[in-house]
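Everything on this sheet refers to the single structure shown next.
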Amino acid sequence: MYRQYQLSLAIACAVVVFVLVAAAYLLYRGGQHQGPGTVTIQPVPRSLIAQRSASQREAAVNLGRSMPPTKLILFGDLHSHTTFSADAFFRSLPIFYGEGSHSPADACDFARFCAGLDFFAITDHAETLTPRQWRELQQSVRQCNATANNPENPESVAFLGWEWSQVGITPATHNGHRTVLFRSDGEDTLPTRPIAAPGPARRALENPGISLWTLLTVPVLEFPHYQPYLNMLTFLRETNTVPPCPQGIPTRALPRDCREIATSPAELLNKLAAGGSDTLVIPHGTTWGFYTPPGYTFDKEIPIITADPQRQPLIEIYSGHGNSEQYRDWRAVNYSAAGKSLCPEPSANYQPCCWRAGEIIRSRCGDIPVQECEHRVARARANYAAAGIAGRLTVPGADVEDWQNCGQCTDCFNPAFQYRPGASVQYALARGNFTDPKQRRHLVAGFVAASDNHSARPGTGYKEFARHRMTDAVGPRSEAWRDRILGKPPVPTPESLALNQAAMLTTPVFRVLDFARQASFFMTGGLTAVHSKGRSRQAIWEALQRREVYATSGARILLWFELQNGPDGPAPMGTETRLTVSPRFVVQTAGAQVQQPGCPEPIINTLDRARLQHLCLGECYYPGSVRHRMTRIEVVRIRPQQRPNESLAPLIDDPWRTLICPSNPDGCRVAFTDPDFVQNRRNTVYYVRAIQEPTPAVNAGGLRCQNQHNCKPCYGDWRTPYEDDCLSENEERAWSSPIFIHYGSIATQTGQSMGVVGGKLQLAQPGG
């Protein structure tokens, strides 16, 4: 009888185990593949597009511009993500206040109906974009473009691309991120698969810093809202099972369903050229210290860009991750002749975080002898400087407030987090390329801006609201979830820790990066404006290629910047030319239209109400008849280096001139000249900032510090109320693309001569 009882018990246990295993298998294999979604087929009412055009014409007339205009100003966002990107997928989960998946179809509908964009691009991270998703993304973009009806005069244009996301832990190994865009959406003209970068983006998936136990128990803890987490597990499984492409095989001959890698920007460009597609490659987020190593400069990127200017005519100056415009001569770390990292002292508007690390350790010295305390302080600074972007891990238990305003450019406009001035746009324009005398020596690039949004919402800057939806500010919704995901915060220690490179390579990426402080620096994002000969895809693409573009911080400011006395007459922004006389410029600008609450009635009557609320959150681009006042025009003058050791700071005049606008709602028109040009006899770059009256903006205050102390961060997690949009006064602005003027006459050039054709510099050999 006892043996029969044991047998029955064993059978019962086996049945229970079988049922549990089967249930677990069904549960955790119950995730759904994330598809591209369904684009709304109804077109945007043409009446709204006509209203935009009429308002622009009226503003141009008020500024004294000739009519009818030969070119339109169109607004777009060339850098946005859906949850086909892994980081976007993670932030869409409920534990991060997420709304669930954001499909490519969502991006299309948001751009058209909510943001009212004339063009946009979906640029998901190639590192986690599978070949299957790439095909689905193409399908969705083609559906989006099909709604435009008339290809020559579409309501909007959707471009397709990806982001190549490379990160190095040292300046020598770091190349940064690039947006890759394709002119055509035709299947026969596009690459078979995206081309990814190696490094942390892939490593984050393989070792995200979240334990397997947590990943498996989250759906249970979040029951009955478990489905998004099962979908996440499916997403990770699909992404990690794509095999690497074989080495040594040309791009066109590779298998269809493999993950292709380009280890450097040069290799990426070579692969794109071999693929035969018409592409644009745009560096972005260059000063964003969230992942950019301290001490990084743009030096090694300039030869790569100048070697292929046709494919790389643009650089992103502003995004939802902050401003990358301005140069400063301070650094986060310095380097000795032997390559050892050194912690610099603070300056008037900058405190290095390595220095602040020493001050935090000083506050923990207690009653120990002063000499020993100073030794600890010095070690803390050295440890932080050596740890790169993982520096904060060298001071266990330090909270966001402990770091104060260190690492931030306190006198920059909406600066990127942990600002890297050696990678700024101004640095790139001033720095020369002296590696090869046969190559172009200086960067020639137009300015674009974007949202870099990760919730399929291109063009979020039309209104300042919904911080967690319209920016990338994200964090755990409770302290308990923070501890489950990342573990409990370390206990403060009296001394700092030393981290070597091996430790940084094995530390999970999610624990290295400073998400808590970064949340205070996410903006609603910028826009790219093109002076286009029409609304068609080809017209917009040609405007981008000839650099006749400008960037805005999100407001739809109208801006014209022209050289009046070019060799062939007036020339627009983006032009590169030669002069032997002082250049004369004219700037005309009108403020963005004041937004009305809600959405235009034609949008309400067109888009399904539930979808309108889900995507637009009840607020759309809805311009009124009144425009914001423009307050001033700031002129920036840069004289690029003539020799490698020429100091950069004296070459960048920012601002060189400040021209005050009259108090006129119709806009502002100013003119200026540079009498120094002939006397200096050197190449000079000019661009302008058109600055609008202050208005409230999300996160415009950054960490909201008083005299770099007493900071009040705007957390992305539970510590800041979800409804708090963290609004501060902000001077929205537009940056013109530069006008590049070489000193000298085209006719009298000896050796290699330069001429201007359609705003692009052409090189001709002698006698040609």
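The values are calculated or read from the model by the stated rules, or taken from the named source; none is laboratory data. Keep in mind it's a predicted model, so treat the numbers as computed, not measured. Note: ideal-geometry Cβ built from the backbone for every residue, glycine included; neighbour counts use all protein chains shown.
Taking Leu137 as the residue in question, decide whether it is over 17 Å from the mean Cα position of the chain (by Cα), of a type in the set (A, V, I, L, M) and not in a strand (DSSP E or B). Don't jump to the end; show me each part of the working.
Values: over 17 Å from the mean Cα position of the chain (by Cα): yes; of a type in the set (A, V, I, L, M): yes; not in a strand (DSSP E or B): yes.
Spelling it out, Leu137 is indeed over 17 Å from the mean Cα position of the chain (by Cα), of a type in the set (A, V, I, L, M) and not in a strand (DSSP E or B).
Which one of Ser184, Ser101 is of a type in the set (Ser, Thr, Tyr), in a loop (DSSP other than H, G, I, E, B) and over 30 Å from Glu267 (Cα atoms)?
Result of the check over Ser184, Ser101: Ser101.
From the list Val581, Val594, exactly one residue is within 20 Å of Gln692 (Cβ to Cβ), surrounded by fewer than 21 Cβ atoms within 10 Å (Cβ to Cβ) and aliphatic (A, V, I, L, M). Which is it?
Being within 20 Å of Gln692 (Cβ to Cβ), surrounded by fewer than 21 Cβ atoms within 10 Å (Cβ to Cβ) and aliphatic (A, V, I, L, M) holds for just one of Val581, Val594, which is Val594.
Ala107: touching a strand residue (DSSP E or B) at 6+ places or on another chain (Cβ under 6 Å), in a helix (DSSP H, G or I), at pLDDT 95 or above and not hydroxyl-bearing (Ser, Thr, Tyr), yes or no?
Considered against the rule, which asks whether it is touching a strand residue (DSSP E or B) at 6+ places or on another chain (Cβ under 6 Å), in a helix (DSSP H, G or I), at pLDDT 95 or above and not hydroxyl-bearing (Ser, Thr, Tyr), Ala107 comes out as yes.
If only one of Arg112, Arg91 is among the charged types (D, E, K, R), within 27 Å of Leu129 (Cα to Cα) and in contact with a Ser or Thr (Cβ under 6 Å, 6 or more places away or on another chain), which one is it?
Values: Arg91 fails: in contact with a Ser or Thr (Cβ under 6 Å, 6 or more places away or on another chain).
That would be Arg112, the only listed residue that is among the charged types (D, E, K, R), within 27 Å of Leu129 (Cα to Cα) and in contact with a Ser or Thr (Cβ under 6 Å, 6 or more places away or on another chain).
Condition first: among the small types (Gly, Ala, Ser) and buried (at least 21 other Cβ atoms within 10 Å of the Cβ). Now tell me which residues in region 296-334 satisfy that.
Answer for region 296-334, where residues must be among the small types (Gly, Ala, Ser) and buried (at least 21 other Cβ atoms within 10 Å of the Cβ): Ser319, Gly320, Gly322, Ser324, Ala332.
Tally up the residues in region 315-340 that are acidic (Asp, Glu) and either within 9 Å of the chain's Cα centre (by Cα) or in a strand (DSSP E or B) (or both), please. Write out each step before concluding.
Kept after step one, since they are acidic (Asp, Glu), are these residues of region 315-340: 316, 325, 329.
Retained after the next criterion (residues that are either within 9 Å of the chain's Cα centre (by Cα) or in a strand (DSSP E or B) (or both)): 316.
Counting residues in region 315-340 that are acidic (Asp, Glu) and either within 9 Å of the chain's Cα centre (by Cα) or in a strand (DSSP E or B) (or both) gives 1.
What residue, among those in region 54-68 that are out of contact with any Leu (no Cβ under 7 Å at 6 or more places or on another chain) and under 22 Å from Tyr621 (Cβ atoms), is surrounded by the fewest Cβ atoms within 10 Å (Cβ to Cβ)?
Out of the qualifying residues, it is Ala54.
Conditions (1) acidic (Asp, Glu); (2) under 20 Å from Glu464 (Cα atoms), marked per residue:
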site	(1), (2)
Arg611	no, no
His614	no, yes
Tyr621	no, yes
His628	no, yes
Glu634	yes, no
Gln642	no, no
Asn645	no, no
Leu648	no, no
Ile652	no, no
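Tell me which of these Thr435 doesn't satisfy, since it passes every other one: (1) modelled with pLDDT of 95 or more; (2) of a type in the set (Ser, Thr, Tyr); (3) over 19 Å from the mean Cα position of the chain (by Cα).
(1)
Look through region 246-268, keep the residues that are surrounded by 12 or more Cβ atoms within 10 Å (Cβ to Cβ) and of a type in the set (D, E, K, R), and return whichever of them is nearest to Pro131 (Cα to Cα).
Asp257
Can you go through Arg392, Arg356, Arg441, Arg362 and tell me which one is more than 29 Å from Arg704 (Cα to Cα) and either surrounded by 24 or more Cβ atoms within 10 Å (Cβ to Cβ) or of a type outside the set (A, V, I, L, M, F, W, C) (or both)?
None of the other options fit; the residue is Arg441.
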